[in-house]
Every structure is written in structure tokens, then in C-alpha cells.
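Worksheet for the structure shown next.
The values are calculated or read from the model by the stated rules, or taken from the named source; none is laboratory data. Bear in mind that the values here come from a model prediction, so they are computed numbers and not experimental data. All Cβ positions, even for glycine, are placed from backbone atoms using ideal geometry, and neighbour counts span all protein chains on display. Calculation scope for accessible area: heavy atoms of the full protein, side chains included, ligands and nucleic acids excluded. Shrake-Rupley method; radii C 1.70, N 1.55, O 1.52, S 1.80 Å.
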Amino acid sequence: MEGQGGLRRLGLFALAFGSGFAVLVIEIAGARMIAPVFGLSAIPWTAVIGVILAALALGSHLGGRMADRGDVPLPLILAAAGATAALPVLGIAVPWIARDLLGFIPGAVASAVVLFAPSVLCLGAVVPFLVQADTESLGTVGRRAGDLSAAATAGSIAGSFTTGFVLLPLMPLPVLMAGTAAFLFLLAALAGRLLGQRVPDATLVVATLCVAGLSVAALSPAAGVLHQTQTLYASVQVTERTWRDGREVRELWQNGGSSSAEYADGAPAHAYATASLDILRDELARADSVLVLGGAALTLPVAFLERHPDLAVDVVEIDPVVTELAHRYFAVGRLPDDAVRVTHDDARVFLRTSSDRYDLLYMDVFDHLVTVPWTMVTTEAFEAMAARLTPDGVLAANVLSPLEGPGAAFLHRLRSTLESVFPSTRIYVVDATADARVTQNLIVLAAAEGTDLPDWSGAEAAVAAEGRPFTDRWAPVEYLQARVFVQGLGWN
């Protein structure tokens with residue numbers, strides 16, 4: 001009997017550990033599932049984490065009361081957690097609808113509430129049930145509660161590392177979420193055997209098969225999708241579709257944003273890329289070396305080389321999987337392997353550790369539709385870029401922003417930050433016919449001397465430097481760029 005009691009306690013700890021593990025899988029994988037709509041900046045992460053914690057607190061509150069009443073068995077709660085863990089697979093359209101109806105920040109919160117809160121609410125109820133089941137006297141209740149809470153927390157720790165470093169790169173998100181649901185059904189079966197409150201095995205088997213079927217259905221690629229995967233850094237797709245001009249275009253998508261686009265002949269399809277080539281024509285002609293931060297499908301670096309074959313082009317791209325897809329599906333795959341030299345590293349780390357200098361530095365980094373990583377637009381970041389330029393070198397950057405309205409606040413602060421490092425700056429509008437309130441591509445230029453800046457016949461944006469420069473200590477970039485979504489993207 002004592003041995004059986006020990007096994008029972010071990011089973012209770014396994015339930016606590018498993019429930020904590022599942023919470024972090026849902027949190028981390030769930031954030032990835034809404035990334036194509038909301039990105040992975042501080043704002044959507046704040047929404048997901050806040051909703052998860054609120055659901056855990058409410059689940060713990062309700063779980064304690066249900067455990068005392070004894071009218072709802074724990075296996076049923078875990079089965080409900082398994083069923084609702086499939087909601088992200090079923091509700092793939094929810095984030096888009098929420099953003100359209102509610103806006104960016106409320107939409108992110110609402111998406112997390114609908115897709116992730118139900119399963120986590122159920123999982124929050126698990127530990128109170130286990131404490132009651134493991135407590136034999138009031139004299140041990142504190143120790144029992146502490147041990148089981150520690151087991152659940154250990155499960156969350158294991159879930160965070162396993163999901164982030166192993167599961168996300170290993171399998172598609174629908175499979176991961178379906179696997180989590182099946183895992184919760186197994187926990188329900190285990191709870192039934194430990195507590196004598198069994199859920200019929202046939203019910204759990206049918207539920208698991210239904211969830212597995214959903215994941216398989218969700219894996220079916222949409223029309224025009226050539227490749228889709230999860231990496232350590234992003235949700236990635238390669239697509240091929242017909243654009244409005246009637247030409248076939250191959251695109252690389254990262255976290256919902258079109259990072260690169262090429263026509264069949266390899267020519268850049270994005271207007272900002274062709275405008276950049278025009279703006280930088282004279283600069284490229286005199287340059288010996290170029291550094292591109294943010295490679296994606298390497299479309300722009302390849303275009304630089306096609307115009308100037310003797311140019312030395314270095315690229316910093318954080319994601320090696322993206323570079324592999326670029327060579328498999330895009331124009332860079334037609335070139336010799338060493339034509340474009342790619343370093344897989346964080347751009348700030350590269351800027352700090354490299355000693356090379358370049359005639360042109362082109363920054364093209366995004367972590368979502370319009371948002372740039374805040375670490376790349378601070379005074380310290382621009383100082384590091386200036387250190388990598390030759391004395392008459394030029395910094396160019398692709399930025400997405402409206403020119404007027406609340407969403408333009410980031411652009412004003414960006415120029416203020418640039419001018420704290422570079423005495424001369426200029427911002428060109430890619431499409432002069434675009435409404436000033438819509439989100440559009442802008443080419444930002446900076447140099448030590450005004451005479452080093454390229455002249456272009458296109459329209460220059462009348463955007464003043466306003467506000468305190470961004471620094472590594474204070475850079476509310478995500479908040480300011482969220483105002484672009486609040487204003488409404490518009491898109492040119």
C-alpha cells in the first residue's frame with residue numbers, strides 16, 4: 001500500500017508538471033500563431049502573456065472552489081483543456097477578424113482571449129485539485145501545495161525551453177498545438193486512473209483522432225504556397241502569385257510581412273527595392289563594398305551585384321533557414337555560392353564585433369508588417385553603423401510609415417535619433433502620389449556630409465526631427481509603431 005501511495009503521488013506530480021508544461025507550449029506557440037497578424041513585438045507578447053496569466057489566476061480561483069465542491073472531476077477539466085487547446089487550429093481567421101474589428105492592441109488581446117484563455121483557464125484549475133488529492137491532514141497542506149506548485153512551475157520552465165528551442169523548429173504550428181491537445185487528453189486519462197474518476201477511453205481516443213485530423217487539415221497548403229515552416233525566429237512562407245500588373249511574383253513572407261518579392265527573371269518586384277536602386281545609382285557606381293542588414297531572400301543584394309559585378313556585398317541575416325530558402329527559391333540560387341557573403345548573426349552583434357568598413361550600409365530589417373526591431377533604431381545602433389562606414393559612406397534604410405497623423409510619430413523620432421549621429425539626413429517618398437496618411441515605403445538616407453547624400457528626382461518627405469532620440473535605455477518604438485495600426489494602415 002505504501003508503494004502504491006508513492007506511485008500515486010508521483011502521478012500527481014506528473015500531472016502538475018504536465019499542466020505547467022502545456023501552459024508554456026500554448027503561450028509560446030500561440031504567440032507564433034498570431035504573429036502573421038500582430039508580429040512578435042512587445043505589444044502582442046504583452047497581450048498574450050497578460051491574458052495567459054489572467055486565465056491562470058482565474059482558473060486557480062475557480063479550481064479551488066470546484067475541488068472543494070467535488071461536482072466537477074479533474075479528468076473532465078483536463079479533457080476540456082485538450083479540446084480547447086485545438087481552438088488556435090480551428091480559429092486561424094480570428095486574429096484577422098479581431099484586428100479589423102477592434103484595432104491592433106485590442107485585437108491582439110481579444111485574439112489571445114478567444115484562442116488561448118479557455119485551455120489555460122482549465123489548466124489553472126489543476127493544481128488546486130491536486131493539492132486536495134494529495135493532502136491527508138491540515139498539518140501537511142502547506143508543504144503539499146508548495147511541492148505541487150513547484151512541480152507545475154518546473155513544467156513551465158521545461159515547456160519554455162523545449163518549445164522555443166526544440167518544438168517550434170521541429171514541427172508546424174498546427175501539429176504542435178494538436179500534439180498539445182492530445183497530450184492533455186492523455187493527462188485526463190492519467191488523472192482518471194489516479195483519482196478513480198475515469199473518462200471513457202473511447203471518448204479520449206475519438207477526441208485525440210479529431211484533433212489530429214484538424215492538424216492534418218490545417219497543414220494543407222493554400223493555393224500558391226510553395227513552402228511554409230517555423231524557425232527559431234519567424235513564421236516563414238514562400239509563395240507564388242499573380243500581382244495586379246499580371247506578372248508572376250515569388251515572395252518570401254516572415255511573420256506576415258512580405259520581406260522579398262521577385263519577378264520570374266529575378267528582378268525586384270517591391271517598389272522600394274527598385275526606388276532604392278535608382279536613388280543609390282551613383283553611390284553604387286563609386287562604391288567598392290556594401291553591407292546589407294536584413295537579407296531575407298537576398299533580392300536587393302543580388303540586384304546590387306547585377307548592376308555592379310565587382311561590388312563586394314556582405315549581408316547580415318539572423319535566420320539561416322531564410323538564407324537556405326533564398327538559395328532554393330529565389331534569384332540568388334542562380335549565382336555562385338560565394339557571390340553574396342552572408343553572415344548569420346544579430347545585426348547589432350555584428351556591428352559591434354566587425355572591424356570592416358563599407359561605402360554603403362543598407363538597413364532593411366523588420367519583425368512584422370511595418371515594425372522594425374527597436375534595437376536597430378537607437379542612437380547606439382546608429383553610432384555602431386556610423387563606425388562601419390567609410391568617411392564619405394552613406395547609410396540607407398527602408399522604413400514603412402505614414403507621413404501624417406498619429407502613426408507618423410515614430411518617423412519624427414527616428415529622424416531625431418538619426419540626426420543625433422549623422423549631421424545630414426534625407427527622406428525620400430517611394431510613391432509621390434500616395435496619400436500622406438497611408439502607410440508607405442520611405443527611403444531614409446544619412447551621412448556625415450550633405451554632399452555625400454545621393455540626389456534623386458523623386459519627392460522628399462517633409463518630416464521634421466521631433467522628440468527625444470531613441471536610446472538603448474529608452475526606445476518606445478513598439479508603442480509608437482502601434483499607432484500606425486491605430487491610425488489604420490491604409491497601405492499605398
Taking just the alpha-carbon atoms of the chain, what radius of gyration and Dmax come out, in angstrom? 26.2, 88
Once you have the Cα-Cα distance between THR353 and LEU101, take 0.36 nm times their residue separation minus that, and quote the gain in nm to one decimal. 86.2 nm
Within segment 377-485, list the chymotrypsin sites (Phe, Trp or Tyr not before Pro) lying in a DSSP loop whose Cβ has at most 10 other Cβ atoms in a 10 Å radius. TRP474
Whats the longest run of the chain with zero trypsin sites (Lys or Arg not before Pro) that are DSSP loop and have at most 13 other Cβ atoms within 10 Å? 1-243
What ratio of Cα Rg to 2.2 N^0.38 Å holds for segment 296-403? 1.08
Dipole-positive endmost among ALA191, VAL225, HIS308 within the chain (Cβ charges, Cα centre): ALA191
With r as the distance between the Cβ atoms of LEU90 and LEU58 and R0 = 22 Å, compute the FRET efficiency 1/(1 + (r/R0)^6) and round to 0.05. 0.50
When all Cα-Cα pair distances of segment 418-461 are considered, the percent exceeding 15 Å is 45
In Å², and per residue, what accessible area does segment 366-460 have when probed at 1.4 Å with the other protein chains present? 33
Accessible surface, per residue, of segment 1-136 when the full set of protein chains is kept, probe 1.4 Å, Å²: 40
Considering only protein heavy atoms and a probe of 1.4 Å, how much of the accessible area of segment 1-158 is carbon and sulfur, as a whole percent? 71
Could you pull out the longest piece of the chain with no exposed loop GluC sites (Glu not before Pro) in it, calling a site exposed if DSSP puts it outside H, G, I, E, B and it has at most 12 other Cβ atoms within 10 Å? 137-448
Suppose we take every Cα in segment 249-363 and form the convex hull; what volume per residue is that in Å³? 99
In Å, the Kirkwood estimate of hydrodynamic radius for segment 74-117 over Cα pairs equals 11.0
Pairwise centroid distance, computed over Cα atoms, of segment 277-297 with segment 118-151, Å: 60
Accessible area expressed per residue, segment 260-306, with surrounding protein chains retained (probe 1.4 Å, Å²): 28
Pulled fully out, how much extra length does the chain show between ILE157 and ARG241, if you take 0.36 nm times their separation in residues and subtract their Cα-Cα distance? 26.1 nm
